[in-house]
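Written below as structure tokens is the structure these notes are about.
Taken together, the values in this text are just the output of simple stated rules run on the coordinates, not laboratory data. As the structure is a prediction and not an experimental result, all values here were calculated from the model. When we count neighbours, we look across all protein chains shown, and the Cβ atoms used for this are built from the backbone with ideal geometry, even at glycine.
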């Protein structure tokens, strides 16, 4: 047997060679000091590479990952407490403002009440107009659909029954293809296949 | 990367058992199941990413991103495939994207074929300088770490999968979508390049 190739040495050390070849190499190594040295050299190299220390994972690493995936929810009691605190701070600030400005608190409250009333009136008018527009839009859409159905009905009177069947099958096929295409686009992430 | 940050514990390609069950439970809404997946694979993934990018803090960040991406893609995992291979594939693609965004020489197959011209040929052993006679094992490890950063990223990645994460050639072939023969050749080239770099360090 000829002297070993570098690649052959690695595959021999990693037990990736067939048994007959491995036996031949073992026989050759008994006779060839040069190849023996080359094998030992690479054996030490692989051993060193495979015993390189692992990087240290922080003890709270998995918790950090989970915190990013499922953001921590504030408990209900805590959130109520936070809202109440904010509200109290705002009220206190308003009270201090009134005191410092020297205005009559009752007058301000009355004017505030008027503004809220006016705003509610305006909001009611706007919402009524929006609902009217929505009804009009729905009516137009229905009329459009009716027109399409009328055209289709006149088409069936022109076309023969065989042609109609072919058209239906073709439409179904196109619809299915489009649906699958859409499904593939929607699916995000790694696809192993 | 300073070796002081390392934990002396081996973690290669972990076995498959329970993975599919954990995925199933995660998809059913059980958060603790995904946390178990994270705990199981955090070490091998950090080893791979850390050795590939060469910066510990960045590696932690990228490992976290890989787990988040894995979680969001979990619905597309098919149980007929090995979970670890699927996860490592996500990690590998994520690192490639990272290199591309950073405009660092990307892990493309075209570049690989160009680089192959400069790689060492398959040789018969010659009167080479012996590393093991000159240095202690700890010194050799240090030299490997330094040399690893100097070889092309595509080869570095394969070397890490094979000899640091201790994945089989078959599994690496599946992660990289390449034939087993090609993987064996490239891992061999990586090893010889590292050895050449180590010789030049003397």
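If you average the alpha carbon positions of segment B:128-202 and of segment A:132-172, how far apart do those two centres end up, in angstrom?
Between the Cα centres of segment B:128-202 and segment A:132-172 lies a distance of 67 Å.
Would you kindly work out the equivalent ellipsoid of chain A from its C-alpha gyration tensor and give its semi-axes, the square roots of five times the eigenvalues, largest first in whole Å?
Numbers: eigenvalues 1138, 484, 22 Å².
Largest first, chain A gives 75, 49, 10 Å.
Give me the number: length gained by fully extending residue A:140 to residue A:124, i.e. 0.36 nm times residue separation minus the C-alpha to C-alpha distance, one decimal in nm. Show your work: numbers first, answer last.
On the way: separation 16, 0.36 × 16 = 5.76 nm, distance 2.48 nm.
Extending this stretch completely gives an extra 3.3 nm.
Using only the Cα atoms of segment A:6-50, build the gyration tensor, take square roots of its eigenvalues as a ≥ b ≥ c, and label the shape rounded, prolate or oblate: rounded if a/c is under 1.5, else prolate if a/b is larger than b/c, else oblate. Let's see the in-between values first.
Working: a/c = 2.64, a/b = 1.25, b/c = 2.12.
Oblate, because a/c is 1.5 or more while a/b does not exceed b/c.
Tell me, what are the semi-axes, in whole angstrom and largest first, of the equivalent ellipsoid of segment B:57-100 as set by the roots of 5 times the Cα gyration tensor eigenvalues?
On the way: eigenvalues 80, 23, 15 Å².
Working from the Cα gyration tensor, I get semi-axes of 20, 11, 9 Å.
Provide B:135, B:41, B:81 in ascending order of the number of other Cβ atoms located within 10 Å of each residue's Cβ, fewest first. Working shown, then result.
On the way: B:135 17, B:41 25, B:81 14.
Final ranking by Cβ density, sparse to dense: B:81, B:135, B:41.
Neighbouring Cβ atoms within 10 Å as the yardstick, rank B:30, B:80 fewest first.
Numbers: B:30 13, B:80 8.
Placing the least packed residue first, the sequence is B:80, B:30.
Helix A:19-31: angle to the longest alpha-carbon principal axis of chain A, degrees 0 to 90, nearest 10?
For helix A:19-31, the angle is close to 50 degrees.
Please order B:82, B:191 by the number of other Cβ within 10 Å, starting at the fewest. Kindly include the intermediate steps, with their values, before the conclusion.
Values: B:82 17, B:191 26.
The order, fewest Cβ neighbours first, is B:82, B:191.
For the pair residue A:23 and residue A:37, how long in nm is the line joining their label points, each one 7 Å along Cα→Cβ?
3.0 nm
Could you check the spin-label model distance between residue B:182 and residue A:84? Points 7 Å from the Cα along Cα→Cβ, value in nm.
For residue B:182 paired with residue A:84, the spin-label model returns 6.6 nm.
Provide a whole-number value for the mean count of partner chain Cβ atoms within 10 Å of the Cβ atoms in peptide A:34-47.
Numbers: counts 5, 2, 1, 6, 7, 1, 3, 8, 6, 1, 7, 10, 3, 5.
So the per-residue partner count for this stretch is 5.
Which whole number gives the average, over all residues in B:53-60, of C-beta atoms from other chains lying within 10 Å of the residue C-beta? Display every interim value, and only then the final one.
Working: counts 0, 0, 0, 2, 0, 0, 1, 6.
For this peptide, the per-residue mean of nearby foreign Cβ atoms is 1.
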